[in-house]
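Here's the structure we're looking at; comments come further down.
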Amino acid sequence: MTANLKKVASGQRIIMVALVLNLLLAFVIAAAGKHIGLAASIVTIAVTFVGIVRLSSGMRYAVGWRLFLAVLILIPLVNLITLLILNARATRTLRGGGYRVGFFGVSRHAISG
C-alpha cells in the first residue's frame, strides 16, 4: 500500500470512529449534563480533526479545502454529512487502489502489508 493510501485508510478509520462519537454525543449530553457533554464534544471534535487532516492529506486535498472541511466540522448536522461524504470518497479511493473496504475501513492487515 502506498503512503497516500495508508493515510487515506487510517484517516477513514478515524473518521468512522468520529461518526460514532458524534452520534453518541447527543446521548452523553442528555444523560450526563452540559459539562460532561462539553468535554465529550471537545474530544469528538479533536478526533474528527485528526481524521480529516490524515484523510485529506492522503487524498491530496488543497489546503483551502482542508480548512473548509475543518469549518464544516464545527456545524452540527453538517459535520455528519461531511463525514459521510468523506467516508464515501475514501472508500472509492481505496477500492480503486484494489483494497477491500469494510464497515470500519480497510483491515489493519492490509494497511501494514
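Being within 27 Å of T2 (Cβ to Cβ), modelled with pLDDT under 90 and among the basic types (K, R) narrows it down to one of R100, R60, R95, so name that one.
Answer to the check: R100.
Is it fair to say V8 is closer than 26 Å to S56 by Cα, surrounded by 14 or more Cβ atoms within 10 Å (Cβ to Cβ) and of a type outside the set (K, R)? Full working, then the answer.
Numbers: closer than 26 Å to S56 by Cα: yes; surrounded by 14 or more Cβ atoms within 10 Å (Cβ to Cβ): yes; of a type outside the set (K, R): yes.
Answer is yes for this residue.
Please tell me if R54 is under 11 Å from the mean Cα position of the chain (by Cα), of a type in the set (D, E, K, R) and surrounded by 12 or more Cβ atoms within 10 Å (Cβ to Cβ). Working first, answer last.
Numbers: under 11 Å from the mean Cα position of the chain (by Cα): yes; of a type in the set (D, E, K, R): yes; surrounded by 12 or more Cβ atoms within 10 Å (Cβ to Cβ): yes.
For R54, the condition - under 11 Å from the mean Cα position of the chain (by Cα), of a type in the set (D, E, K, R) and surrounded by 12 or more Cβ atoms within 10 Å (Cβ to Cβ) - is met.
Only one of L77, L38 is under 15 Å from the mean Cα position of the chain (by Cα) and not β-branched (V, I, T); which? Full working, then the answer.
Working: L38 fails: under 15 Å from the mean Cα position of the chain (by Cα).
Answer to the check: L77.
Results for (1) in contact (Cβ under 8 Å) with a residue 40 or more places away in the chain; (2) of a type in the set (A, V, I, L, M, F, W, C); (3) in contact with a Phe, Trp or Tyr (Cβ under 8 Å, 6 or more places away or on another chain), shown as yes or no for each residue.
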| position | (1), (2), (3) |
| --- | --- |
| S41 | no, no, no |
| V50 | no, yes, no |
| V63 | no, yes, no |
| I75 | no, yes, no |
| L86 | yes, yes, no |
| R92 | no, no, no |
| G97 | yes, no, no |
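The values are calculated or read from the model by the stated rules, or taken from the named source; none is laboratory data. In this text the structure is predicted, and so the values were computed from the model without any measurement. Here the Cβ is made from the backbone with ideal geometry for all residues, glycine too, and neighbour counts use every protein chain on show.
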